[in-house]
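Undergrad: Following this message is one structure expressed as structure tokens.
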Amino acid sequence: MSQGTLYGGPFARCILPQGLVKALNLDVTIAEKDAAYEKAFPLGKFPAFVGPKGYKLTEAIAVNLHLISLSEDKSLLGKNDLVYHQIIRWMSLATSELLPQISAAFKPVIGKAPFNKKQVTDANAAVDQIASVIEKRLSEYTYLAGERLTLADLFVATCAVRGFDYLWGKQWRSAHPSIVRWFKTVIQHPALEAIKDTKFIEKPVEYTPPKKEKKEQPKAAAAPKKAAEAAAPAPDAEVKKPKHPLELLGKATKFDLDEWKRKYSNEETRETALPWFWEHYDPTEWSLWRVDYKYNDELTLTFMSNNLLGGFFNRLSASTKYLFGSGIVYGENNNNGIVAVFLVRGDKHEPAFDVAPDWESYEFKQLDASKPEDKTFVEDVFAWDKPLSINGEVREVADGKVFK
């Protein structure tokens, strides 16, 4: 009997599960997106697994753990619970911190996301901070969870490979010898055959602004001098393209975003700021959106979840003039989630959020302020002063960030 079907794609998080199927000789079919996948996984997340009797699983950590559970060889999960907990620790750090920051650092440089120099610089700094923690660990241990290779090493290597592909040149590698030694060793494992031939770069990939194409002007017939001068545009009369797609909407006429931000920052939230908000909120010019992190089951410590939220907010800075948001980390260590509410200029969220390379890691749902339950949710997320109702469950507020 088949052990199931694994759905993957050309993503870093899919390298390992596909490799494990082959390395562990599992009776699992590797498939790409099809009608059965779309029906089973409406969120469109990879990797995804379907087992016997309709058993379904998403999220990279969970899928990798399940695949190993299908094999008689469980050595990749460590020799005891203490090692196993270390494995979960490093996998969680990689998927919630390392991989998003690496993506934020290299995708704008290679043209897969809008380029913003400050955002790229900040992302590189965050990557280096995380790498310093990993470097210290690997200077003391052969592998991440101890002295034997485990799933943690395989998983983190697939998250780090894009760093070696685009960011970590010769100078960086000389400053991180333990990571380099570890990576060279780990990628030789049969499960990582797809990246075993990773080539190290001499220098980080540099951003090259796209060249502006010059349009050839058709030659006009000779005209009287005065008529030609009158028709010719002034040298500085070029039409300037809007820097942000939401500039096309013009300035809001009824709701002053800057005034709201001042009210929120300087006044009592429930007593003064929220009444002002509802008095001036205009749904013809603005919209409200609930934003949920898609991978809550991969989050571990609440402070790390809050750092992840803060990084997302930082990468939205190009849309500051069109957004206000409040984000909350709810729950407790190893059982928490991220949710936010954003006020967005216009009635679509994509133009405001696609400036952040990791925006697709979040699910967006438009809220209707005329519905009491939606209005209450907006107020609770803006105020931070009471537990939240998340999918019918009451969850305490652990931490949060404000985007303004």
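Undergrad: Could you tell me how many of the residues in the stretch 316-327 are closer than 19 Å to Lys375 by Cα and under 16 Å from the mean Cα position of the chain (by Cα)?
TA: Step one: filter the stretch 316-327 for residues closer than 19 Å to Lys375 by Cα, giving 323-327.
Next, from what is left, pick out any that are under 16 Å from the mean Cα position of the chain (by Cα): 327.
Selection size over the stretch 316-327: 1.
Undergrad: Go through (1) in contact with a strand residue (DSSP E or B) (Cβ under 8 Å, 6 or more places away or on another chain); (2) touching a residue at least 24 places away in the same chain (Cβ under 8 Å); (3) closer than 23 Å to Ile88 by Cβ and name the single condition Gly19 misses.
TA: Unmet for Gly19, out of (1) in contact with a strand residue (DSSP E or B) (Cβ under 8 Å, 6 or more places away or on another chain); (2) touching a residue at least 24 places away in the same chain (Cβ under 8 Å); (3) closer than 23 Å to Ile88 by Cβ: (1).
Undergrad: More than 22 Å from Tyr362 (Cα to Cα) and among the β-branched types (Val, Ile, Thr) - does that describe any residue in the stretch 90-98?
TA: Among the residues of the stretch 90-98, not one is more than 22 Å from Tyr362 (Cα to Cα) and among the β-branched types (Val, Ile, Thr), which makes the answer no.
Undergrad: Next question, about the same structure. Gly111 - would you say it is in a loop (DSSP other than H, G, I, E, B), among the small types (Gly, Ala, Ser) and outside the structural domain of Leu16 (by the TED database)?
TA: It is true that Gly111 is in a loop (DSSP other than H, G, I, E, B), among the small types (Gly, Ala, Ser) and outside the structural domain of Leu16 (by the TED database).
Undergrad: I'd like to know if the stretch 214-223 contains one or more residues that are farther than 22 Å from Leu154 by Cα, within 27 Å of the chain's Cα centre (by Cα) and at pLDDT below 90. Lay out the reasoning, then the answer.
TA: Of the residues in the stretch 214-223, the ones farther than 22 Å from Leu154 by Cα are 214-223.
If we keep only those that are within 27 Å of the chain's Cα centre (by Cα) as well, we get none.
No: zero hits.
Undergrad: Can you confirm whether Ala104 is assigned to a helix (DSSP H, G or I), within 27 Å of Lys365 (Cα to Cα), at pLDDT below 95 and in contact with a strand residue (DSSP E or B) (Cβ under 9 Å, 6 or more places away or on another chain)?
TA: Numbers: assigned to a helix (DSSP H, G or I): yes; within 27 Å of Lys365 (Cα to Cα): yes; at pLDDT below 95: yes; in contact with a strand residue (DSSP E or B) (Cβ under 9 Å, 6 or more places away or on another chain): no.
Criteria not met by Ala104.
Undergrad: May I pose another question? Please specify each residue of the stretch 8-32 satisfying the condition of being of a type in the set (Val, Ile, Thr), within 19 Å of Gly44 (Cβ to Cβ) and in a helix (DSSP H, G or I).
TA: Result: Ile15, single match.
Undergrad: Further question: For the list (1) closer than 29 Å to Thr121 by Cβ; (2) assigned to a loop (DSSP other than H, G, I, E, B); (3) not hydroxyl-bearing (Ser, Thr, Tyr), I need the number of the one condition that Phe313 fails.
TA: (2)
Table: residues versus (1) modelled with pLDDT of 80 or more; (2) of a type in the set (Ser, Thr, Tyr); (3) within 30 Å of Ala318 (Cα to Cα).
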residue	(1), (2), (3)
Leu151	yes, no, no
Val156	yes, no, no
Arg162	yes, no, yes
Arg173	yes, no, no
Arg181	yes, no, no
Ala191	yes, no, no
Lys243	no, no, yes
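Undergrad: Does any residue of the stretch 39-49 turn out to be surrounded by fewer than 20 Cβ atoms within 10 Å (Cβ to Cβ) and part of a helix (DSSP H, G or I)? Spell out the reasoning first.
TA: Of all residues in the stretch 39-49, those surrounded by fewer than 20 Cβ atoms within 10 Å (Cβ to Cβ) come to 39-45.
Imposing the further condition that a residue be part of a helix (DSSP H, G or I) reduces the set to 39-40.
Yes.
Undergrad: Answer yes or no as to whether Glu396 is among the acidic types (Asp, Glu) and more than 14 Å from the chain's Cα centre (by Cα). First the steps, then the outcome.
TA: Details: among the acidic types (Asp, Glu): yes; more than 14 Å from the chain's Cα centre (by Cα): yes.
The answer is yes for Glu396.
Undergrad: Which ranges mark the strands (runs of 3 or more DSSP E) fully within the stretch 343-404 that have 2 or more residues being open to solvent by 80 Å² or more (accessible area, probe 1.4 Å) and closer than 18 Å to Tyr322 by Cβ?
TA: Values: elements: 362-367, 388-390, 393-395, 397-403.
Hits in the stretch 343-404: none.
Undergrad: Scan the stretch 108-128 and tell me whether some residue there is modelled with pLDDT under 95, in contact with a Cys (Cβ under 6 Å, 6 or more places away or on another chain), open to solvent by 20 Å² or more (accessible area, probe 1.4 Å) and under 27 Å from Phe353 (Cβ atoms).
TA: Checked against the condition, which is being modelled with pLDDT under 95, in contact with a Cys (Cβ under 6 Å, 6 or more places away or on another chain), open to solvent by 20 Å² or more (accessible area, probe 1.4 Å) and under 27 Å from Phe353 (Cβ atoms), the stretch 108-128 yields no hits at all.
Undergrad: Continuing with the same structure: Here is a list: Leu76, Leu67, Leu98. Which entry is within 30 Å of Asn333 (Cβ to Cβ), touching a Cys at 6+ places or on another chain (Cβ under 6 Å), open to solvent by less than 20 Å² (accessible area, probe 1.4 Å) and touching a residue at least 24 places away in the same chain (Cβ under 8 Å)? So that I can check it myself, show each step before the final result.
TA: Details: Leu76 fails: touching a Cys at 6+ places or on another chain (Cβ under 6 Å); Leu67 fails: touching a Cys at 6+ places or on another chain (Cβ under 6 Å).
Sole residue among the options that is within 30 Å of Asn333 (Cβ to Cβ), touching a Cys at 6+ places or on another chain (Cβ under 6 Å), open to solvent by less than 20 Å² (accessible area, probe 1.4 Å) and touching a residue at least 24 places away in the same chain (Cβ under 8 Å): Leu98.
Undergrad: Next question. In this structure, does Arg89 turn out to be assigned by the TED database to the domain that holds Asp153, open to solvent by 50 Å² or more (accessible area, probe 1.4 Å) and assigned to a helix (DSSP H, G or I)?
TA: The answer is yes for Arg89.
Undergrad: OK, next. Just need a number here: residues in the stretch 266-298 that are under 30 Å from Glu360 (Cβ atoms) and of a type outside the set (Phe, Trp, Tyr). I'd like the intermediate steps shown before the answer.
TA: First, pick out the residues of the stretch 266-298 that are under 30 Å from Glu360 (Cβ atoms): 277, 281-298.
Okay, now just the ones that are also of a type outside the set (Phe, Trp, Tyr), so 282-285, 287-288, 290-292, 294, 296-298.
The total comes to 13.
Undergrad: Another question, if that's okay. Could you figure out which of (1) over 30 Å from Lys117 (Cβ atoms); (2) open to solvent by 50 Å² or more (accessible area, probe 1.4 Å); (3) modelled with pLDDT of 90 or more isn't true of Asn266?
TA: (3)
The values are calculated or read from the model by the stated rules, or taken from the named source; none is laboratory data. No experiment lies behind these values; they were computed from the predicted model shown. We place every Cβ from the backbone using ideal geometry, glycine too, and count neighbours over all the protein chains shown. The protein model used for the area step is the full one, side chains on, heavy atoms only, and it has no ligands, DNA or RNA in it. Shrake-Rupley method; radii C 1.70, N 1.55, O 1.52, S 1.80 Å.
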